[in-house]
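Report on the structure given below.
The values are calculated or read from the model by the stated rules, or taken from the named source; none is laboratory data. Source: prediction; values computed, not measured. Neighbour counts run over all protein chains shown; Cβ positions are idealised from the backbone, glycine included. The protein model used for the area step is the full one, side chains on, heavy atoms only, and it has no ligands, DNA or RNA in it. Shrake-Rupley method; radii C 1.70, N 1.55, O 1.52, S 1.80 Å.
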Amino acid sequence: MNFIEAIIQSLSNLKVNKLRSFLTMIGIVVGVAAVVGIISMGQGAKESINKDLRSFGENLWAMYADYDYEKKKMAKPIYESDLEILESIGEIEQISPVFHFGVNLKRYNRSLASSLLGIDENYFMITNRQVMMGRNFQSFDFEYNRYVCIVTEKVVDDLFKNENPIGQEIKINNINFTVIGVLKPQQLESFLSKLVTKENNVFIPKRFVNRFQNSTEISYVYIKTKEKVDYNEFKNKLTRIMLWKKGPGNKYEVASMEQQISVFSNVMNTVTMIISIIAGLSLFVGGVGIMNIMLISVTERTKEIGIRKAVGASRGDVLKQFLIEAIVLSSVGGTSGIVVGILLSVLVAKVAKWPITVSVTSIILAFTFSFIIGVIFGIFPANKASRLNPIECLHYE
Amino acid sequence: MEMIKIENITKTYKMGLIDVHALNDVSFTIKKNEFVSIMGPSGSGKSTLMNIIGCLDTPTSGKYFLDDISVEAMGDNDLAKIRNKKIGFVFQTFNLLPRTDALKNVELPLIYSGVSSKERHRKAKELLTNVGLGDRINHNPSELSGGQRQRVAIARALVNDPAIILADEPTGNLDSKAGEEIMEIFSELHKKGATIILVTHERYVAEFADRIIHLFDGKIVSDENVPKNNREK
Ligand SMILES: Nc1ncnc2c1ncn2[C@@H]1O[C@H](COP(=O)(O)OP(=O)(O)O)[C@@H](O)[C@H]1O
Ligand SMILES: [Mg+2]
């Protein structure tokens, strides 16, 4: 008996027991749908978040003085005078020091606890931010003694209500600043947008920072490289230079957006994998279900096996027939599972507003896996059927 | 020419502590185109013998040569091929596949000999027509009478043009009229050159054959030729 003949035979046998075949397949359908769906969803979520993270700025690095837990002391702070030496590093395109601390904002009787960022001309370019109302800082804002500031939407909402804030004055810790622009919120597509709280910041030219505090230590330095650089190599280079400048026994932390993304991606991959393995367990359960039904089927069809052997079916023919039946069950189940899984991930992608990604690898994997499950869980019942004695089969009632 | 040669065959079933000797030192030969009946009381070993001849079962000891080839030495694949091509088996209980129409039932042996589906269909239809069931080919066994079912089973046994036809009480489950019709078919086949071995309880059925072997307690007690005039009934 050739294979096509065997497949036709097993299909017609499965058709005789339609309901049972369907119920048997459900285990595999659910398992495969879960695996394909989860992997596709995981990929979609990862891609959409990566895209958002990238929008914070390409080739972006941050460096700051860190607390050394071993030596139990804070590293020497970074001052603007330390930055000159960084400019000699060839890979660096721009450097932007940031002074970041809490302030109190006030306008008439309204007030708001906010974050102040003293920045230079490069800051908005490096962090990829734009102004949506009014204007951005110009070089003269940094050169002359102009008490101007840019605020985020949250500040406008709380201090101005429905008034136009441009040209109005606010008090930052009792010093008057004129609002010249409102920052456009970060455009996030992924569900990160729902997690990130509304930015509550006020930006001023860094030369005014000393009006608020005596110390001039930099909170952190943004560094933009000309092109993608190796994380470890560049990190070591930066810390080496800082240690040379500030003396040993200090600790300077260096982080990059790419590094964050790759850490995040790894976490997502691991989470996806773990959930998939759990979902995959239902494939195993589905496989056991197939084996169970095939064993019942072999018993029920003992007489049929006897008849087939009596008219010339060899052991191999009987084995083939039952094995193919199991494989057809699991493969049809697997294929339906793939379709359900794709529909599921498309639906979730639509709702969660992340790109529709269908993981081809997961589809191939799921199909191969369900095929293999058919073989593994079908071989035992099929082998049992093939070894039955024809005379005993014919006498079986 | 000796088509079937049985030499000192025994078949012993172990039933707990006792051995049941279903066949006890049985020897005989059957020539090509012979028509042999096997008679004997219930439990005398007739079916056991038929199953061994039909390569469905193996003897405990003794030798069986089919066309001078020792069956003992054959593997499962060769035995399956013999059951498929060389032997057509007709059972007392018909043994048709349920929920499967007459045509599909008759096609079954051809599936295992690799005949194309078109040719299978043609051959099965032709044989069903020969046994008078040309208008019943799409009926399931449950929709056919006993005699009709046995005719489907005969068509299936003949579909691969076997050299030997083995029939184990083919009329046992039929009324006398249907039984006679079935026996007419066997007579017809014999005239056309088939070698037939038939098990029966009934003397008048047995006398369709040239020769009657009597079994008793697993042993051959007589082996007689049927006088020609007797057969003309
Ligand atoms: N599978 C078996 N297990 C045990 N004993 C069996 C088996 N098949 C047949 N027998 C015994 O062998 C003897 C011959 O059986 P069988 O060939 O079926 O007789 P017949 O067909 O002549 O009625 C009987 O005593 C029967 O009980
Ligand atoms: Mg019997």
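Taking both sides together, what accessible area is buried at the B/A interface, probe 1.4 Å, expressed in Å² and rounded to the nearest 100?
1800 Å²
Per residue, what accessible area does the protein assembly as shown have, given a 1.4 Å probe and all protein chains present, in Å²?
49 Å²
Using amide H atoms built 1.01 Å from N in the peptide plane, name the residues 5+ places from B:V226, or on other chains, whose amide H lies under 5 Å from its own.
Placed amide hydrogens put B:R211, B:I212 under 5 Å from B:V226.
Report the FRET efficiency, 1/(1 + (r/R0)^6), for A:N266 and A:V360, where r is their Cβ-Cβ distance and R0 is 30 Å, rounded to 0.05.
FRET efficiency, A:N266 to A:V360: 0.90.
With charges set only on the Cβ (+1 for Lys and Arg, -1 for Asp and Glu), what does the dipole of segment A:60-256 come to about its Cα centre, in debye to the nearest 20?
540 debye
Along the charge dipole of the protein assembly as shown, pointing to its positive end and built from +1/-1 on Cβ of Lys, Arg, Asp and Glu, which listed residue (A:S276, A:I49, A:S96) has its Cα farthest out?
Positive-most Cα among the choices belongs to A:S96.
What does the charge add up to near B:D76, with Lys and Arg as +1, Asp and Glu as -1, over the other residues with Cβ less than 14 Å from its Cβ?
Local net charge: +3.
If you place +1 on the Cβ of every Lys and Arg and -1 on the Cβ of every Asp and Glu, how big does the dipole about the Cα centre of segment B:2-231 come out, in debye to the nearest 20?
620 debye
Given a 10 angstrom Cα cut-off, can you work out which residue in A:I180, A:I119, A:I85 is the most mobile in a GNM of chain A?
Residue with maximal mean-square fluctuation among A:I180, A:I119, A:I85: A:I85.
Just the number, please: carbon plus sulfur as a percent of the accessible area of chain B, 1.4 Å probe, no ligands or DNA/RNA counted.
C and S fraction of accessible area: 49 percent.
If you take every residue apart from B:T200 with its C-beta less than 11 Å away from the C-beta of B:T200, what net charge results, scoring Lys and Arg +1 and Asp and Glu -1?
Residues near B:T200 contribute -2 overall.
How many angstrom lie between the Cα centre of segment A:86-115 and the Cα centre of segment A:122-153?
Here the two parts' Cα centres lie 11 Å apart.
First check a/c for segment B:82-124, with a ≥ b ≥ c the square roots of the eigenvalues of its C-alpha gyration tensor; if it is under 1.5, answer rounded, and if not, answer prolate when a/b is larger than b/c or oblate otherwise.
oblate
Pop the C-beta distance of A:R387 and B:E184 into the FRET formula with R0 = 35 Å and round what comes out to the nearest 0.05.
0.30
Explain nothing, just the number: relative contact order of chain A, from Cα pairs under 8 Å at least 6 residues apart, as a whole percent.
This gives 31 percent for chain A.
Using a basic spin-label model with each label point 7 Å from the Cα along Cα→Cβ, how many nm lie between B:L17 and B:T93?
Result for the modelled spin labels: 3.1 nm.
Quickly work out the A:K184-to-A:E397 label distance, labels modelled 7 Å from Cα along the C-beta direction, and quote it in nm with one decimal.
Going by the 7 Å Cα→Cβ label model, 8.6 nm.
Count, for each residue of A:311-322, the Cβ atoms from other chains sitting within 10 Å of its Cβ, then give me the mean as a whole number.
Partner Cβ neighbours, averaged per residue: 6.
Would you tally the net charge around A:Y220, using a Cβ to Cβ cut-off of less than 11 Å, leaving A:Y220 out, and scoring K and R as +1, D and E as -1?
Summing Lys and Arg as +1 and Asp and Glu as -1 gives -3.
With a cut-off of 8 Å between alpha carbons and a minimum separation of six or more residues, what is the relative contact order of segment A:120-242 in percent?
Here the relative contact order equals 30 percent.
Quick one: if you stick a label point 7 Å off each Cα along the C-beta vector at A:L23 and A:M125, how many nm between them?
Distance between label points: 7.2 nm.
Treating the angle as unsigned and between 0 and 90°, give the value, to the nearest 10°, between the Cα long axis of helix A:231-246 and the longest Cα principal axis of chain A.
Helix A:231-246 and the main axis of chain A meet at about 30 degrees.
Can you give me the angle between helix B:76-85 and the longest principal axis of chain B, using Cα atoms only, in degrees from 0 to 90, rounded to the nearest 10?
The two axes meet at around 60 degrees.
Could you tell me what percent of the accessible area of chain A is made up of carbon and sulfur, with a 1.4 Å probe and every protein chain present?
59 percent
Given the whole protein assembly as supplied and a 1.4 Å probe, what does the accessible area of A:H395 come to in Å², nearest 10?
Roll a 1.4 Å probe over it and A:H395 shows about 140 Å².
Return the calculated 222 nm mean residue ellipticity for chain A, to the nearest 500 deg cm²/dmol, obtained by summing -39500 (n - 2.57) across DSSP H runs with n ≥ 4 and dividing by the residue count.
-18500 deg cm²/dmol
Sort segment A:55-155 into rounded, prolate or oblate with this rule: let a ≥ b ≥ c be the square roots of the eigenvalues of the Cα gyration tensor; rounded if a/c is under 1.5, and if a/c is not under 1.5, prolate when a/b is larger than b/c, oblate otherwise.
oblate
Among the lysines, which have Cα under 23 Å from the Cα of B:K32 when same-chain residues fewer than 8 positions away are ignored?
Candidates past the 8-residue exclusion: B:K5, B:K46, B:K63, B:K81, B:K85, B:K86, B:K191, B:K192, B:K228.
To the nearest 10 Å², what's A:M133's accessible area with a 1.4 Å probe?
70 Å²
Rank these by accessible area, largest first, 1.4 Å probe: B:K31, B:K118, B:K177, A:K235.
Descending order: B:K118, B:K177, B:K31, A:K235.
Tell me, which residues of segment A:1-36 get at least 30 Å² less accessible area when the other protein chains come in, versus the chain alone (1.4 Å probe)?
The answer is A:M1, A:E5, A:V16 - residues whose exposure falls by at least 30 Å² when every protein chain is included.
Could you work out which residue, out of A:G247, A:G280, A:G334, moves most in a Gaussian network model of chain A, that is, has the largest mean-square fluctuation with Cα springs under 10 Å?
Largest GNM mean-square fluctuation: A:G247.
Checking buried surface per residue: for segment B:72-104, which residues lose a minimum of 50 Å² accessible area in the protein assembly relative to the chain alone (1.4 Å probe)?
Buried by the other chains: B:D76, B:R83, B:N95, B:L97.
Considering chain A as a Gaussian network with a 10 Å cut-off on Cα pairs, which listed residue, A:I372, A:I327, A:I307, attains the greatest mean-square fluctuation?
It is A:I307.
Can you figure out the FRET efficiency of A:S215 with A:N164, using R₀ = 30 Å and their beta-carbon distance, to the nearest 0.05?
With a Förster radius of 30 Å, E is 0.25.
Would you give the gap between the C-alpha center of segment A:200-243 and the C-alpha center of segment A:156-186, rounded to a whole Å?
Between the Cα centre of segment A:200-243 and that of segment A:156-186, the gap is 26 Å.
Mind listing, in residue-number order, the residues in segment A:371-397 that have at least 50 Å² less accessible area with every protein chain present than in their own chain alone (1.4 Å probe)?
Hits at the 50 Å² cut-off: A:I391.
Placing unit charges on C-beta atoms (Lys and Arg positive, Asp and Glu negative, everything else neutral), compute the dipole magnitude of chain A about its Cα centre in debye, rounded to 20.
In total the dipole reaches around 760 debye.
Tell me the angle of helix B:117-130 to the major Cα principal axis of chain B, expressed in degrees between 0 and 90 and rounded to the nearest ten.
Orientation of helix B:117-130: about 80 degrees from the principal axis.
With contacts defined as alpha carbon pairs under 8 Å and 6 or more residues apart, what's the relative contact order of chain B in percent?
The normalised contact order for chain B reaches 27 percent.
How large is the helix-only mean residue ellipticity at 222 nm for chain B, computed as the sum of -39500 (n - 2.57) over DSSP H runs with n ≥ 4, divided by its residue count, in deg cm²/dmol to the nearest 500?
-10000 deg cm²/dmol
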